[in-house]
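Scroll down for the structure; my scribbles are underneath it.
The values are calculated or read from the model by the stated rules, or taken from the named source; none is laboratory data. Computed from a predicted structure; not experimentally measured. All Cβ positions, glycine included, derive from the backbone under ideal geometry; neighbour counts span all protein chains shown.
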């Protein structure tokens, strides 16, 4: 994702930056971090602060929450970062640039306050141009409220009513390859003209509409919509059937987010004058960090950010970046939706003690009524982590359905294609996944890191050999926006302070004829050699430090795959972590949990004991 240079902001010299304050203005909490260059020339996280977000009544000024979060850093660090007016609790600002020990050289921010960036997309064919437009919007950090397409089986008046009801922040309109269909694209524009949509925030400006479709109909689109909305033309997201070009649309979304949406939110106009670079939507900044990580390491990466209302999933396979947002799957405001979509049985299967169905429903209802509460007892923690597994699992299912190869392209098929079992065409191949990164309160702040590791193994159903990590204190969005200014500093802090490497999971997949899934020979550091037999249904846990690597020879049983094909042995280096190595012998994917109540509880309890998840 490239970002246009703002001519009104002074040019930033990365080498001159001694300190950075970065904030993330979330829907409920504003989080601030301080990054400083130490005497060795390294950029490191030195402290963090947080405060309630103040975008809503009675304050209605986002900068107050920012100043409160920075005030906490000021107290912890013993350095002055606020001017006299802010220190007195008034309408002040952050001191910048740094003078002596006072102030900071760079202030940057991300935001998802006020519900984040909410968009509608429109395209001619639901599974082609409309899907490409949705990918562009999601990649820019938006929640896609609805997708309008000529073949979405709704009548024209239903589509018009839907556009009027939703009141999005902006609309991205695509349709037709360059030189392709014109009639259907014009029909989409007629729907928009008839709907006369109004923006969610502000009343004195026109709704931004980005047209990223067939360039041959731009004149007609201008005639139809030019006087009614703030219309902008960018390159086609689908110039040909075989090509997708999302960059220009993503950049336009980001710029309009700043100029229109953020400018209407209380206090953001002021905040924008403080920042050294434009404010980014939180999910867009997080996605940028995942994408940068994949490019730098050359690995296939999946990242997830689980919040109170939404769960974002990011993936990079073969250089192709995808992001989805499950707007109805979260741990507080949306927790009852998790129950509705998963069903009580799928949540119960992860609870390692006998719990009555009615009580579980009551506990989930209480969480929705009091969304800001955190577990107070061990049983409450176990239930919350059981719900998290289902929220993550369902979000990942949605992601895999969306992260697919381009639809509508001409492909050469052979007779073997007729016998393939999976027709989804998803780009996400768990057997090829190298690194799984988790973020969000339930993962970043789990009392034991093994709990985070086990939640991700269960929810994502990892296969083969996969490294797992978590964001230590939720700072990937901060580092994502920093990477647009100072990539070296962002990378340094990410590796040394942000990414907590949990360890590696080895998960042979298949149904063995006997009771043994895989034989393992480990050459541990300092010359020690260890042999393990992974029995079907077992979880085996082995401590291995963060900087340690074990050379493993993995010999799966006949019909079992550990990365090289059924029955084929694999030699791999297994990297340790704060947890270590997990050998998952549960075999089949998706995971099969016993249906009978007592057996189900015993299985969940057995898996918890294997990793010593709870005291």
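In the condition set (1) touching a residue at least 40 places away in the same chain (Cβ under 8 Å); (2) at negative phi, residue 267 is compliant with all but (2). Under the condition of being buried (at least 23 other Cβ atoms within 10 Å of the Cβ) and touching a helix residue (DSSP H, G or I) at 6+ places or on another chain (Cβ under 6 Å), the residues counted in the stretch 241-264 number 3. Assessment of the stretch 348-355 against the conditions (in contact (Cβ under 8 Å) with a residue 40 or more places away in the chain and either within 25 Å of the chain's Cα centre (by Cα) or not assigned by TED's automatic domain parsing to the domain that holds residue 426 (or both)) yields at least one matching residue. Scanning the stretch 520-565 for residues that are touching a helix residue (DSSP H, G or I) at 6+ places or on another chain (Cβ under 6 Å) and more than 14 Å from residue 507 (Cβ to Cβ) gives a single hit, 548. Filtered by the rule that a residue be over 30 Å from residue 336 (Cβ atoms) and touching a strand residue (DSSP E or B) at 6+ places or on another chain (Cβ under 9 Å), the stretch 291-318 gives 291, 293, 294, 295, 297, 299, 300, 301, 316, 317. Residues of the stretch 303-322 that are out of contact with any helix residue (DSSP H, G or I) (no Cβ under 7 Å at 6 or more places or on another chain) and surrounded by 22 or more Cβ atoms within 10 Å (Cβ to Cβ): 307, 309, 310. The conditions of being within 26 Å of residue 354 (Cα to Cα), modelled with pLDDT of 90 or more and surrounded by fewer than 21 Cβ atoms within 10 Å (Cβ to Cβ) are not met by residue 570.
Please count how many residues of the stretch 270-292 are in a helix (DSSP H, G or I), at pLDDT below 90 and within 15 Å of residue 12 (Cβ to Cβ). Going through the stretch 270-292 one residue at a time, the tally reaches 0. Scanning the stretch 502-530 for residues that are in contact (Cβ under 8 Å) with a residue 24 or more places away in the chain and assigned to a loop (DSSP other than H, G, I, E, B), we see that the one that is nearest to residue 468 (Cα to Cα) is 508. Do we have residue 479 as farther than 24 Å from residue 38 by Cα and crowded, with 24+ Cβ neighbours inside 10 Å here? Taking the combined requirement at face value, the residue does not satisfy it.
Within the stretch 49-66, being touching a residue at least 60 places away in the same chain (Cβ under 8 Å) and in contact with a helix residue (DSSP H, G or I) (Cβ under 7 Å, 6 or more places away or on another chain) holds for 53, 54, 55, 62, 63, 66. For the stretch 176-202, filtered to residues that are buried (at least 16 other Cβ atoms within 10 Å of the Cβ) and within 20 Å of residue 143 (Cα to Cα), the residue that is modelled with the highest pLDDT is 192.
Restricted to the stretch 556-580, and to residues there that are part of a strand (DSSP E or B) and either without any contact (Cβ under 8 Å) to a residue 12 or more places away in the chain or closer than 18 Å to residue 432 by Cα (or both), the residue that is farthest from the chain's Cα centre (by Cα) is 556. Taken as a whole, the condition of being buried (at least 19 other Cβ atoms within 10 Å of the Cβ) and over 21 Å from residue 456 (Cα atoms) applies to residue 238.
Does the stretch 107-114 contain at least one residue that is part of a helix (DSSP H, G or I) and surrounded by 24 or more Cβ atoms within 10 Å (Cβ to Cβ)? Scanning the stretch 107-114 turns up at least one residue that is part of a helix (DSSP H, G or I) and surrounded by 24 or more Cβ atoms within 10 Å (Cβ to Cβ).
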